[in-house]
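Following: one structure in structure tokens, then a few remarks.
Coordinate-derived values only; no laboratory data. Quantities reported herein were computed from a predicted structural model and do not represent experimental measurements. Counting neighbours? That spans all protein chains shown, and the Cβs are built from the backbone with ideal geometry, glycine included.
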Amino acid sequence: MGNIDTMRLDYSVRHQLALHLPADALAELLRRQIISLKKTMVELETAVQGNESEHVVACAHHLAGAAAMAGFGCLAAAARRLDKPGELTISDSSMDLELLRNEWMATRSAAEQSIE
């Protein structure tokens, strides 16, 4: 089994993209994915602070899908824990929120290092 970063970043996704994109275009695509995920995380945090459960669910759903498509499986799994339409209560989700925050920081760091 590989280290946690190779589990965190699914390089098979990157390999498939590399078959169709030059290296500089692939790096730019990954940078844009990270920026987009960051914006969604900021939106999710704003929704948490506003106690807007359904908006948190919508952001988590978006994060889960976008992270999965980018090959960020651990981040997608953490986001899915909050993707509970009609069920999520922010006060009962503090552990899942903290897991998502931590996974976001780790995934972002690993992804940024992988494109430098």
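Descriptive notes on the structure:
- Net length available on complete extension from Ser114 to Arg101 is 2.7 nm, with 0.36 nm assigned per residue and the Cα-Cα distance removed.
- Relative contact order (%) - criterion: Cα under 8 Å, at least six apart; region: the chain: 32 percent
- A cut-off under 12 angstrom between Cβ atoms defines the neighbours of Leu97, and their net charge, with Lys, Arg +1 and Asp, Glu -1, is -3.
- The value of relative contact order for region 43-94, using C-alpha pairs under 8 Å at least six residues apart, is 36 percent.
- A Förster radius of 25 Å, combined with the Cβ-Cβ distance separating Lys84 from Ala18, puts the computed FRET efficiency at roughly 0.10.
- Compactness index (Cα Rg / 2.2 N^0.38 Å), region 46-116: 1.11
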